[in-house]
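Some notes on the structure that comes next.
Rule-based calculations on the coordinates, nothing more; no lab input. Source: prediction; values computed, not measured. Cβ: placed from backbone, ideal geometry, glycine included. Neighbour counts: every protein chain shown.
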Amino acid sequence: MAQLSNIEYAKTFLGDIETLQTRHSDSLDFYNVHVLAVVSMVKRIVADRGETISDLQVSVLLHNHGWEGETVPQLSDRLDFHDMSIWQISKIIKAAREF
């Protein structure tokens, strides 16, 4: 599969993200994202390179790059949605590309 650009992955899986560059405003630089969207994005990035990644490896990758909380849905909006900064999203995308 053809790999997308970092912003294309972010837009495809995480929603209405305009840029991965900081705009020095919390309302513009943070996004509320669901755990499954982030996990799916990481798995897709790795799959697009022809590789596979286990759920445990996804969990380790995310936690090594600032993810707080579970990496499987807890069936609670409070636990399943997390505020992520664009720089954290960028780090996760980069780590998934280098996996």
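See the values below:
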{"quantity": "Residue identified as farther than 17 Å from Lys94 by Cβ and of a type in the set (Val, Ile, Thr) among Val72, Val38, Val60", "calculated": "Val72"}
{"quantity": "Candidate set from the stretch 65-86 (those that are touching a Leu at 6+ places or on another chain (Cβ under 8 Å) and assigned to a helix (DSSP H, G or I)); member that is surrounded by the fewest Cβ atoms within 10 Å (Cβ to Cβ)", "calculated": "Asp80"}
{"quantity": "Residue pairs meeting the criteria (Cβ under 6 Å; at least 6 apart or on separate chains; first under 15 Å from Gln3 (Cβ atoms), in the stretch 42-66; second exposed (fewer than 15 other Cβ atoms within 10 Å of the Cβ) and aliphatic (A, V, I, L, M))", "calculated": "Asp48/Met1"}
{"quantity": "Failed item, numbered, when Val35 is tested on (1) exposed (fewer than 11 other Cβ atoms within 10 Å of the Cβ); (2) in contact with a His (Cβ under 8 Å, 6 or more places away or on another chain)", "calculated": "(1)"}
